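Student: Just passing along the structure, written as structure tokens.
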Amino acid sequence: MIKPIPCKTFRGASTVAWMAKLSEETNEVLQEAAILEENADEDGTVDHDKYGLVDVKKRLIMEITDVITLCTSWLDALGCDEEERDEWQRRVNEKNRMRGYHEEEA
């Protein structure tokens, strides 16, 4: 598995700056998701007048991955190294499993 690498650009940023960046990145996800839902064909593409065929599904995947990287970067800025991030992810996965959010493995 390829893990996200924390970006150092916002390392010393305030909580408000992190929140603003998360909001910006999340809004990009919402925009692409709306286009995918409302305008894309079954393959996730839209035929745009100006740009031709646009793969909205791939753009949405890229934006979601940007959010993952931003969150990883914020965790890093809070002092969570890779090992600690792994442990927190394990805890969240376990919590979600207990709530029935995950499909049981065969």
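The values are calculated or read from the model by the stated rules, or taken from the named source; none is laboratory data. Because the structure is predicted, anything quoted here is derived from the model rather than measured. Quick reminder, even Gly has a Cβ in these numbers, built from the backbone with ideal geometry, and neighbours come from all protein chains shown. Note: areas computed on protein heavy atoms with side chains; ligands, DNA, RNA excluded. Shrake-Rupley method; radii C 1.70, N 1.55, O 1.52, S 1.80 Å.
Student: Do the conditions hold for Glu37, that is, is it charged (D, E, K, R), loosely packed, with under 10 Cβ neighbours inside 10 Å and modelled with pLDDT under 95?
Tutor: Working: charged (D, E, K, R): yes; loosely packed, with under 10 Cβ neighbours inside 10 Å: no; modelled with pLDDT under 95: yes.
Criteria not met by Glu37.
Student: Out of the residues in region 62-96 that are open to solvent by 90 Å² or more (accessible area, probe 1.4 Å) and either within 16 Å of the chain's Cα centre (by Cα) or at pLDDT below 95 (or both), which is nearest to Cys7 (Cα to Cα)?
Tutor: The extreme case among them is Met62.
Student: Still on this structure, I have one more. Tally time: how many residues in region 61-106 are farther than 30 Å from Ala40 by Cα, in a helix (DSSP H, G or I) and without any contact (Cβ under 8 Å) to a residue 40 or more places away in the chain?
Tutor: Total satisfying the criteria: 16.
Student: Which of the residues that make up region 12-60 are within 25 Å of Asp81 (Cα to Cα), part of a helix (DSSP H, G or I) and either in contact (Cβ under 8 Å) with a residue 60 or more places away in the chain or not aromatic (Phe, Trp, Tyr) (or both)? Full working, then the answer.
Tutor: Of all residues in region 12-60, those within 25 Å of Asp81 (Cα to Cα) come to 12-26.
Filter once more, keeping what is part of a helix (DSSP H, G or I): 15-26.
Across region 12-60, the qualifying residues are Thr15, Val16, Ala17, Met19, Ala20, Lys21, Leu22, Ser23, Glu24, Glu25, Thr26.
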